[in-house]
Amino acid sequence: MRFHRAESAFFIFIFVILGAGLVTLHAHDFLQSFAAGLTRPSRIADIAYLNRLLFFTGVLLSTALFFGTFFIYPLIREQVREEGKLRAMARSLSVRSETLEHAALTDGLTGMQNRRYFDDALKEYIAEFHRICKPLGIMILDLDHFKQVNDTYGHDVGDAVLKAVADCLKSMTRYHDIVARLGGEEFAVVTPNMDADTLERFAERIRKAIAAMPVAAGDVRLMVTASVGLALWNGKETAEEFYRRADRQLYEAKRQGRNRVCA
């Protein structure tokens, strides 16, 4: 078993102090016997011996003081500095980990939650709302003819459209709604505590807000529309089945002519 330098230094320090203590104890016993026989002429030699014991005790204590000051304390300070560096490194790694985790769950363009976050959160919401027996709705939105926007005006304008739609969704949803960009021009909103009628009215307000929202990007000013598919969780579906049912309604909205809500 190998000891750290600070541990080895500490053991040496203890041994020196222990040695000084043993010498002091021996000197104490010798002093008691010396006091009992003060009338004996041989006490002069004993006094000299006692003097050497006390001198040796002083040397040991001085050695312990010197060793502790110039060897043990610097080792302890070095260890403290190393631990401080390790703590700082751990904090830095923790912050970096949180940053990476945030980046992994966030859409880089719009700042919304991404598909990975949406999938995990939807599962958690389903489990919780199944437990409390409350309604849970979902809407899937897809921008109409978005490819034409990119092809006609370029991807910079397309990105501006996506950011504008994201801002619109974030401004119209509640703090406990899940709002995410699923990829491309597709968005999703999970809406707890909404029955079918309320969910449909809510989706209509969002659809109309997007349709009425002018998007300006440089010299370009255009209008966009969105098709929306809705579903209310039936209490039995998995998260994937729930999502796919809303997605089928989105395709139905596209089939019926776009810029509409289907539930």
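Rule-based calculations on the coordinates, nothing more; no lab input. For clarity, every value in this text was computed on a predicted model and none was experimentally measured. Ideal geometry is used to build each Cβ from the backbone, glycine not excepted, and the neighbour counts take in all protein chains shown.
Here are some notes:
- Length gained when the stretch Arg244-Lys208 is fully extended (0.36 nm per residue, less Cα-Cα span): 10.6 nm
- Those lysines that a straight Cα-Cα span of less than 25 Å connects to Lys147, excepting residues fewer than 8 apart in one chain: Lys163, Lys170, Lys208, Lys254
- Leu182 long-range amide H proximity, modeled H, under 5 Å: Phe187, Ala188
- Theoretical FRET efficiency, 1/(1+(r/R0)^6), r = Cβ-Cβ of Lys163 and Arg81, R0 35 Å, to 0.05: 0.15
- Subtracting the Cα-Cα distance of Thr24 and Arg255 from their residue separation scaled by 0.36 nm leaves 73.1 nm.
- Length released on extending from Cys133 to Arg115, taking residue separation times 0.36 nm less the Cα-Cα span: 3.9 nm
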